[in-house]
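In what follows, a structure is listed as C-alpha cells, so that the remarks can point back to it.
The values are calculated or read from the model by the stated rules, or taken from the named source; none is laboratory data. All values derive from a computational prediction rather than experimental measurement. Reconstructed Cβ throughout: ideal geometry from the backbone, glycine too, with neighbour counts over all protein chains shown. Ligands, DNA and RNA are stripped out before the accessible areas are found, and what is left, the full protein with its side chains, is counted by its heavy atoms. Shrake-Rupley method; radii C 1.70, N 1.55, O 1.52, S 1.80 Å.
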Amino acid sequence: MSDTVVVQKYGGSSVADLERLEAVAQRVATTRRAGHGVVVVVSAMGNTTSELLALARSLSPAPDRRELDMLVSVGERIAMALLAIRLRDLGIPARSLTGSQAGIVTDESHGDARVVEVRPHRLRAVLDAGEVAIIAGFQGVSTAREVTTLGRGGSDTTAIALAAALDAAWCELCSDVDGVFSADPRVVDGARKLDAMSLEEALALARGGAKVLNEDAVRMARDAGVEIRAVATAGPGSGTRLTPERQPASAATAVTGSDTLVKVRIGPMERDLAIERIRQAGGRLRRRVGERLYVDITNVHGPDLRHAHPSVSEEGPAAIVTAVGSSLGQRMDLVEQGTTALLEGGVWVVTQGSEGDVAWWEVPPDALAASVKLVHQRLVDGIDPNADA
Ligand code: ADP
Ligand code: ASP
Ligand code: MG
C-alpha cells in the first residue's frame, strides 16, 4: 500500500449520469497515478435517494424504518459498482465494497444512524493489494447486524469515518460547488468562496442547514483531526480547507438558513423520554427557547412528531436564519444589526438568539431566502472584519 491514503467523496450530482461518472473515473485515475492509495466514497446517482423515499411514501405514510434502509442503501451500491466497472476498464484495479463490507458499524437508529466503530481490515487489504477501494456512502451495519443509513447527506460521514480510521492525509468532499461559500451561491448572488474555515464554524454552518457539509461528518472530522478539503469535482478551483485551527474572532463568516424545522412543545411529563423519542423518530434538536424546541425533521419519514410521545405537541413549521463567525454569539452589536436588517427589509422576526459561534433569527418560512440575503448583505458584505469588537 502506498504511504499516503487519500479519501475522495463524490456527491449525487457528481455521479448523476454516465458522462459525469466518467469524469469522476478520470479524476480518481489521476489521483491513483500520482501514487496515492485511494479510497472513493460515492453517493447515489442524482436524486435516486429522494425518488426511492417517495416510492416508499406512496405505499405508506409511515414506512417501516428498517425497510426504508434496505431500500435507500441500494442507491449508493449502484453508483459504486458502476464506478468500479469503469475504472477496471480504464486499467485501474478497483473493488467496490458496501458500507457493511467496509466495516462501518453503527447504532440501531434506522434512517439516522450514528457510526460507533470502523473496522477497516478488509479495506486495508484492498489498498494493500494496490486496488482503489470504492465504498457505498451513507450506510453501515448496525450492532444488530441490520443495514442502516446515516441520514441525508451521510456519504460525507462515511468519508470522514474512513479517513479517520485509515489515518488518511486528507479527505476531499467533491461536489457541484467549489467549496464552502459565505452563503449558498444558488441563493445569494454575492456569496464569496472561503479559502479556509475552522471546523468549529463549519459545524455551526452545517447545523444551521448548509447542505454543502454534513453535520455528523464535520463533528467527526473535528474530533478526529481530519483535514477536509471541500472542492468541485469539475474545474480547477482551489476549494475550501476546513482545519482544526480556530479563526481569530471576526464578523460573520457565513450565513445559512433552514426550513426543514418544526416547533414543538414538550409538556412536563417524561420530558427526557419525549426528547429521546423525537430523536428515535429521526428528529434532531436544533434550538431551545424555554419549553419550545426547534427540531430538524429532514430524517423523519413518518407522521408528525406528536406521535413520538404524548407530551409532545407540534406547533407547525419553522424557518431559522443562522449567521456563523468565531465568537459571533458574543457580539451583541452585530446580532442587533442582523435584526435591524431583517426588520428594515420587512421581515417579521419571530424570535432570536445567540450563543458561541452563532446568531440566529426565526423568520416566517416564506421569507427565508430573502432573510438569508438581508443578513448576508448586512453582516458579511457590510462589516469590516478587522474593525474593533
Ligand atoms: P453533494 O451531493 O455533492 O453532497 P449537496 O447538494 O449535498 O452536494 O451540497 C452542495 C450544495 O450545497 C450546493 O449545490 C449548494 O447549493 C448548497 N450550499 C448550501 N450552502 C452552501 C454554502 N455555504 N457554500 C456552498 N454551497 C452551499
Ligand atoms: N444519497 C444520500 C442522500 O441523498 C446520501 C448523500 O448524498 O450523501 O442523502
Ligand atoms: Mg451532500
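Annotations for the structure displayed:
- The criterion of being without any contact (Cβ under 8 Å) to a residue 24 or more places away in the chain and in contact with a helix residue (DSSP H, G or I) (Cβ under 7 Å, 6 or more places away or on another chain) does not hold for Gln139.
- Residue within the stretch 291-312 that is on the phi > 0 side of the Ramachandran plot and assigned to a loop (DSSP other than H, G, I, E, B) present: no
- Selection over the stretch 13-52 of residues that are within 16 Å of Asp156 (Cα to Cα) and in a helix (DSSP H, G or I) gives a count of 4.
- All positions within the stretch 143-167 that are open to solvent by 10 Å² or more (accessible area, probe 1.4 Å), within 16 Å of ligand 2 (Cβ to nearest atom) and more than 10 Å from the chain's Cα centre (by Cα): Val147
- Extreme residue, nearest to Val350 (Cα to Cα), among residues of the stretch 268-304 that are among the aliphatic types (A, V, I, L, M) and touching a helix residue (DSSP H, G or I) at 6+ places or on another chain (Cβ under 8 Å): Leu293
- Among the residues examined, Glu276 qualifies as modelled with pLDDT under 95 and exposed (fewer than 14 other Cβ atoms within 10 Å of the Cβ).
- Taken over the stretch 206-224, residues that are under 16 Å from Arg152 (Cα atoms), more than 15 Å from ligand 2 (Cβ to nearest atom) and not in a loop (DSSP other than H, G, I, E, B) amount to 2.
- Test: residue in the stretch 247-269 that is open to solvent by less than 10 Å² (accessible area, probe 1.4 Å), closer than 23 Å to Met197 by Cβ and at pLDDT below 95: yes
- Only one entry of Gly239, Gly190 meets the criterion of being touching a residue at least 60 places away in the same chain (Cβ under 8 Å), open to solvent by less than 50 Å² (accessible area, probe 1.4 Å), more than 16 Å from ligand 2 (Cβ to nearest atom) and farther than 21 Å from Tyr10 by Cα, and that entry is Gly190.
Every residue, every condition in (1) free of Cβ contacts under 8 Å to residues at least 24 places away in the same chain; (2) within 16 Å of ligand 1 (Cβ to nearest atom); (3) open to solvent by 20 Å² or more (accessible area, probe 1.4 Å), yes or no:
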position	(1), (2), (3)
Gly37	no, no, no
Thr48	no, yes, yes
Ala54	yes, no, yes
Glu76	no, yes, no
Met80	no, yes, no
Ala84	no, no, no
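- Answer residue from the stretch 206-220, given it is crowded, with 21+ Cβ neighbours inside 10 Å and within 7 Å of ligand 1 (Cβ to nearest atom) and is farthest from Gly137 (Cα to Cα) among those: Ala210
- Glu291 meets each of the listed conditions (1) open to solvent by 40 Å² or more (accessible area, probe 1.4 Å); (2) among the acidic types (Asp, Glu); (3) touching a residue at least 60 places away in the same chain (Cβ under 8 Å) apart from (3).
- A search for C-beta distances below 6 Å between a residue of the stretch 1-24 that is open to solvent by less than 40 Å² (accessible area, probe 1.4 Å) and any residue that is of a type in the set (Phe, Trp, Tyr), counting only pairs 6+ apart in sequence or on different chains, returns Val24/Tyr10.
- For the stretch 49-62, the count of residues that are closer than 20 Å to Val24 by Cα and not acidic (Asp, Glu) is at least one.
- When we screen Ser354, Ser327 for residues that are open to solvent by 30 Å² or more (accessible area, probe 1.4 Å) and without any contact (Cβ under 8 Å) to a residue 40 or more places away in the chain, the only hit is Ser354.
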